[in-house]
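The values are calculated or read from the model by the stated rules, or taken from the named source; none is laboratory data. In this text the structure is predicted, and so the values were computed from the model without any measurement. Here Cβ is always computed from backbone atoms with ideal geometry, including for glycine, and neighbour counts include all displayed protein chains.
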Amino acid sequence: MLPIDTSDLQNKKNLLAFSGGVDSSALFFLLLEHHIPFDIAIVDYGTRAQSKKEMAHAQALAQKYGLKCYTTKAPEFQSHFEANARTFRYSFFESLMKEHNYNNLLTAHQLNDQLEWMLMRLSKGAGICELIGLEPVSKREGYTLVRPLLSYSKEELLGYLKHHHYPYFVDESNTDEQYERNHFRKYFSDPFIAQYKEGIKRSFEYLRKDKEALEKTFETVYAEKELRIIKLHSPTAKAKATDLTLKMLGYLLSSSQRQEIEKEESLVIGGKWAVELQNGLLYVAPYSTVDMPKKFKEQCRILKIPHKIRAYCFAEKIEIQNLP
């Protein structure tokens, strides 16, 4: 048995994002061995012949061990498959979290995934908060995202499955180099981890501590629905605070967007998110253009509510007099 930290999982309702591959299969059996309660959810993208077998395998496993198994079929994505698949996948998981009152969403990201993420971000330009994108525990809107396997390499998880003769599938699309992540995996992260695994593990531990220190330069002082107000203790913390806040809300910034945030005090990101800095407070909310009555606009002016935030507050009936 591989040891995993179960402190965030005991006496909670846990949902495992399952695929039948090496990583999620290893986490599946580790949860069973550690007597952690959980159910599973799996997405069929319909892009591979074996996907139906994986769905049937997931349902059979759930039945065998007395678990619930939630399934869904993704639409056919015409472009940007990885990004669209991720959005669809997490939308499905989050709907289950809300509908069935799960506390934790468990994903099987491991050490190789961490390094792939870092190298991909490094190639595009990123700071420490962006480089360390995968956290063991992340608070999201209405639930907690937990990644118990970040300290284990793919090789260790595969060895665990083989030692116990546990079943798993190999996704042949993981070798398709049209996907950026697979290219980084084949030529950079996997060879690097094969030689320097222990050093890489220690480096991620040190980097997380450095990231925690950086995050003390700001704090969220107000949160309602998808509105966040963050107090900046350092003017240089604006981009980092925006990046981490939007990540918690399910939106990932590009390097060019982070650069734009550093330069501008009022802007709209990707046509979806309003970001405004005013008097040391950073306001982040979905961008809205609904019509507002003159009385509400005047209240906003008196209370000094940033312009791009006002429509969302009106549409969501947020009591603006309670804002800091």
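So the values come out like this:
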| quantity | calculated |
| --- | --- |
| Flag if S288 is polar (S, T, N, Q), out of contact with any Leu (no Cβ under 8 Å at 6 or more places or on another chain) and either at positive phi or modelled with pLDDT of 90 or more (or both) | yes |
| Test for F77: is it more than 25 Å from K211 (Cβ to Cβ), surrounded by 18 or more Cβ atoms within 10 Å (Cβ to Cβ) and at pLDDT below 95 | no |
| Residue ID - farthest from F92 (Cα to Cα), chosen from residues in segment 27-47 that are modelled with pLDDT under 95 and either assigned to a strand (DSSP E or B) or in contact with a strand residue (DSSP E or B) (Cβ under 9 Å, 6 or more places away or on another chain) (or both) | G46 |
| Pick from segment 287-315, criterion within 25 Å of the chain's Cα centre (by Cα) and either surrounded by fewer than 16 Cβ atoms within 10 Å (Cβ to Cβ) or of a type outside the set (A, V, I, L, M, F, W, C) (or both), ranking: farthest from E226 (Cα to Cα) | S288 |
| Number of the exception - E54 against (1) over 23 Å from the mean Cα position of the chain (by Cα); (2) at pLDDT 95 or above; (3) closer than 28 Å to A83 by Cβ | (2) |
| Residue in segment 223-246 that is of a type outside the set (G, A, S), within 26 Å of L122 (Cβ to Cβ) and loosely packed, with under 14 Cβ neighbours inside 10 Å present | yes |
| First in segment 133-150 and under 21 Å from L119 (Cα atoms) and without any contact (Cβ under 8 Å) to a residue 24 or more places away in the chain, second anywhere and surrounded by 19 or more Cβ atoms within 10 Å (Cβ to Cβ) and of a type in the set (A, V, I, L, M), Cβ under 6 Å, 6 or more apart | none |
| Residue within segment 70-81 that is assigned to a helix (DSSP H, G or I) and under 21 Å from M97 (Cβ atoms) present | no |
| Hits in segment 226-259 (condition: over 19 Å from L131 (Cβ atoms) and assigned to a helix (DSSP H, G or I)) | P235 |
| Verdict on K73 being under 26 Å from Y251 (Cβ atoms) and in contact with a His (Cβ under 9 Å, 6 or more places away or on another chain) | no |
| Flag if K201 is in the same structural domain as G21 (by TED's automatic domain parsing) and more than 23 Å from the chain's Cα centre (by Cα) | no |
| Only listed residue being in contact (Cβ under 8 Å) with a residue 60 or more places away in the chain, in a loop (DSSP other than H, G, I, E, B) and within 26 Å of I132 (Cβ to Cβ), chosen from S7, S19, S24 | S19 |
| Test: residue in segment 192-208 that is β-branched (V, I, T), crowded, with 16+ Cβ neighbours inside 10 Å, part of a helix (DSSP H, G or I) and touching a residue at least 24 places away in the same chain (Cβ under 8 Å) | yes |
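A quick yes/no check of all residues on (1) within 28 Å of the chain's Cα centre (by Cα); (2) assigned to a helix (DSSP H, G or I):
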{"position": "E262", "(1), (2)": "yes, yes"}
{"position": "A274", "(1), (2)": "yes, no"}
{"position": "L282", "(1), (2)": "yes, no"}
{"position": "A285", "(1), (2)": "yes, no"}
{"position": "I318", "(1), (2)": "yes, no"}
{"position": "Q321", "(1), (2)": "no, yes"}
